[in-house]
Amino acid sequence: MNHDFKTIEPKWQQKWEEAGAFHAGDDRSKPKFYALVEFPYPSGAGMHIGHVKAYAGLEVISRKRRMDGYNVLFPLGFDAIGLPTENYAIKTHVHPRVATDRNIEKFTMQMKKIGFSFDWSRTIDTTDEGYYKWTQWIFLKMFEHGLVFRDKTLVNYCPSCKVVLSNEDSQGGKCDVCKSDVVQKSKDVWYLRITEYADKLLEGLDHVDYPANIKAQQVNWIGKSRGAFVDFSLSGIDEKLTIYTTRPDTLFGVTFMVMAPEHPVLDKYKDRISNFDEVEKYRAECAKKTEFERTQVNKDKTGVRLSGLTARNPVTGGDIPIFISDYVMMGYGTGAIMAVPAHDERDYEFARKFGVDIIEVVKGGDISEAAYTGDGEMVNSGFLNGLCNKADSIARMIDHLEKEGIGKAGVQYKMKDWAFNRQRYWGEPIPIVHCPVCGMVPVPYEELPLRLPEVTKFEPGEGGESPLAAIDSFVNCKCPKCGGDAKRETDTMPQWAGSSWYFLRYIDPRNDKVFADPDLLKYWMPVDWYNGGMEHVTRHLIYSRFWYRFLYDIGEVPYPEPYLKRSAQGLILGPDGEKMSKSRGNVIDPLDIVAAYGADVLRTYILFLGDYGASAPWADNGVKGCRRFLERVAALTDIAKGTGSTKELERDFHKTVKKVTSDIEDMKFNTAIAALMTLLNRIGEVGSLTADELKTFVKLLSPFAPHISEEIWEKLGGKGFVSLSGWPSYDEALTVDSEIEIAVQISGKLRGTVLVPADADRDATLAIAKSDPKIAAALEGKTVVKEIVVPGKIVNIVAK
RNA sequence: GCGCCCGUGGCGGAACUGGCAGACGCGCCGGAUUUAGGAUCCGGUCCGAAAGGGUGCAGGUUCAAGUCCUGUCGGGCGCACCA
């Protein structure tokens, strides 16, 4: 065996570590490159193959950039707050601190076996008190700037985890951790006012290089819509019910209103509502439903018509009924809607079921059959009649509402404020004190970190209170403001807190005066390239942009957006084409592959198996192909002689250098590796190469398969590490052949190929094509109608 | 419902701004070597005997379409009674 990976891989891993080969340097005169990958949660199960693919992309790019002469920062840390560790603690009584340290150690050891070029001197752990001190510090800064508030509202609550969830953590009405149905529960909740940053988060997307689908997903998640707030007066009482609508142009078609069952106005006028008992019954039914059931689109509309309380259509003056129904959500808009059954599918369905009038105001459909949501001429609409342009009608109506003082233009967002507290032990304590005199008082900055107390019971309480609530020595404290007796907040922060700013800490990981030195921030930020999973697009990626933008607004960081460029890797599916899972039994353990074939083969195969951004199934035979490739590369030292250049392979090398260089930058790793395989096949045909050529070859190979590359480099007498040598350059002129083969078509059909000089112009190319015997024969007796020549590409002769 | 993406050999996948479809790898077929198996090496491999035909299907634009346009079928992802 030429490729003794079992010996050489540990050998080079040790040498890199001893030399600190991949530590980011202090030389700020060099151009910098900050490559970031999403840091892992150190679960007890250790690394899986998805981690390897997630890190391999920027691993290759970082290695190339080092060879390009950049000062590269490519760190990895651990996002260690999470329920699995806590659940493990509950089950086994092993303290989360102990379990976390153990898991981090295991993870680190596994990563090193893959040969990743992370700067391990900068590793961080979000549960380390030297780290979470600064998480708490940022929280207090937000508090100071009015971005933190507490509210008792209906929140997403997971009855199984006994924990409050943010909107982002309960997508589809399921708990993100345990997949249980989320219920709505009234609770005191800490919120971060992320909605205040909605516009900034949207606007920031114009200045970053993210894939279009990621931008689209974030835009969609933020969900900005433009419309109008309109006041509807209630008949007989001095009260207005404000609604939000995106279609103020259809106001003349409003025939009823609908409120969310929880709407507070109902309680205020319960004496007037003669069927309030029905209302309460309906509310009870709704409360029993899970969030998932309630938001099922296709379920039948239900509701209650209020007796004794009606509203007035503000443009027609007509009296209209009010309903309550759970298809209107308290959490969006104002919790009440105007219903235009003729032009809204949900209102149409409801009106049909409850026998309410349907008035057409936009022509174009058949409202006896279905709601018409398209554009058309306005009818039955007073001053809007005859208008055909929706934007016009909306503008006119808003103008009217504002003049009359009954409404105004407005915007709404689907994104909600971030429910920020969890009733859990293993998280950052929220540094707030509740004082009976002063109210909510922040813990003074100099007292940070507010440490997690030692507990013996990690379970949350039955009523959903934090385990910290049972620790009197933690709870009871003095108010920092007035010195009187006070109680600490006992909830902790969600797992997304620590990860919302971790990329800043890598820059200056051991600083205990500031979260990172401003000069270093100025040098290293923003992150040049951030790679991660699609599952974080509407969670971590939004949250961290929000925190960073806040820090920018208060002058703590130098640029408004944290990540210049974002990419996302695709999944590695099991050999059966299904998502890998233990229950399916199709899991590939990367360490098994390392043991059997070596880390170089694993790395090469993962990047060779398909488009980096796409999901692709694992194939054991494909791994063997990559092993063969590296075996054959190892054998090249036997035929590499001399240092002079030979003409035979010269152009092949220049072409390959060019291809691999650009393919790596485009994350087209599969074709970069294919190009190296092609070059290897070419070397095989020639039968020999020079030592210099082989050095070039291993430089190109080293980002993918660094161990074998170092080994060959050393054998050839290369100085230092190939990983830190210069990236090869190429001569553009030598990347094209002096003679090229071009296709000749007759009337669009391929009839042959001819060799022409690379610099042949139109006439010369055409002449050569026509003189080709096969072409000449095919043209015999035909009339040439048109001759198309694209020099260097193709000749097409249209003939009859 | 809204938004985004994808349909190419037996398989994973290549194909720059429209310009020789199927690079590279796997698998398969034949041969060499081997006691055998494995490994390795050499040759072949889109379909078709050929003329020809081929990128989910049907049209269109163009000298030329996997690539652009229209429609349609199939698959995937995200959000979702969002007013």
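Things to note:
- Set side by side, the residues A:V744, A:V698 differ, and just one is assigned to a strand (DSSP E or B) and touching a helix residue (DSSP H, G or I) at 6+ places or on another chain (Cβ under 6 Å), which is A:V744.
- Applying the condition of being in contact (Cβ under 8 Å) with a residue 60 or more places away in the chain and β-branched (V, I, T) to segment A:406-445 and asking which residue is surrounded by the most Cβ atoms within 10 Å (Cβ to Cβ) yields A:I430.
- Among the candidates A:S225, A:S166, residue that is touching a residue at least 40 places away in the same chain (Cβ under 8 Å), out of contact with any Lys or Arg (no Cβ under 6 Å at 6 or more places or on another chain) and buried (at least 20 other Cβ atoms within 10 Å of the Cβ): A:S166
- Segment A:327-347, residues that are buried (at least 23 other Cβ atoms within 10 Å of the Cβ) and within 12 Å of RNA strand B (Cβ to nearest atom): A:V328, A:I337, A:M338, A:A339, A:V340, A:P341, A:H343, A:D347
- Some residue of segment A:226-248 being in a loop (DSSP other than H, G, I, E, B), more than 22 Å from A:D357 (Cβ to Cβ) and among the small types (G, A, S): no
- Selection of segment A:654-671 for residues being part of a helix (DSSP H, G or I) and in contact (Cβ under 8 Å) with a residue 60 or more places away in the chain yields A:H654, A:K655, A:V657, A:K658, A:T661, A:I664, A:E665, A:F669, A:N670.
- A:L716 touching a helix residue (DSSP H, G or I) at 6+ places or on another chain (Cβ under 6 Å) and surrounded by fewer than 24 Cβ atoms within 10 Å (Cβ to Cβ): yes
- Of all residues in segment A:202-244 being within 21 Å of A:E168 (Cα to Cα) and in contact with a Leu (Cβ under 7 Å, 6 or more places away or on another chain), the one that is nearest to RNA strand B (Cβ to nearest atom): A:V219
- When the residues of segment A:353-405 are filtered to those that are of a type in the set (S, T, N, Q) and not in a helix (DSSP H, G or I), the one that is surrounded by the fewest Cβ atoms within 10 Å (Cβ to Cβ) is A:S368.
- A:G303 fulfils the conditions (1) within 40 Å of the chain's Cα centre (by Cα); (2) within 21 Å of A:L234 (Cα to Cα); (3) more than 11 Å from RNA strand B (Cβ to nearest atom) except for a single criterion, (3).
- Within segment A:647-661, one or more residues are among the basic types (K, R), more than 15 Å from RNA strand B (Cβ to nearest atom) and farther than 21 Å from A:Q569 by Cα.
Computed from the coordinates by the stated procedures, all read-outs in this text should not be read as laboratory data. Quick caveat, the model's predicted, so the values are computed rather than measured. Please note: Cβ atoms are built from the backbone with ideal geometry, for glycine as well, and neighbour counts cover all protein chains shown.
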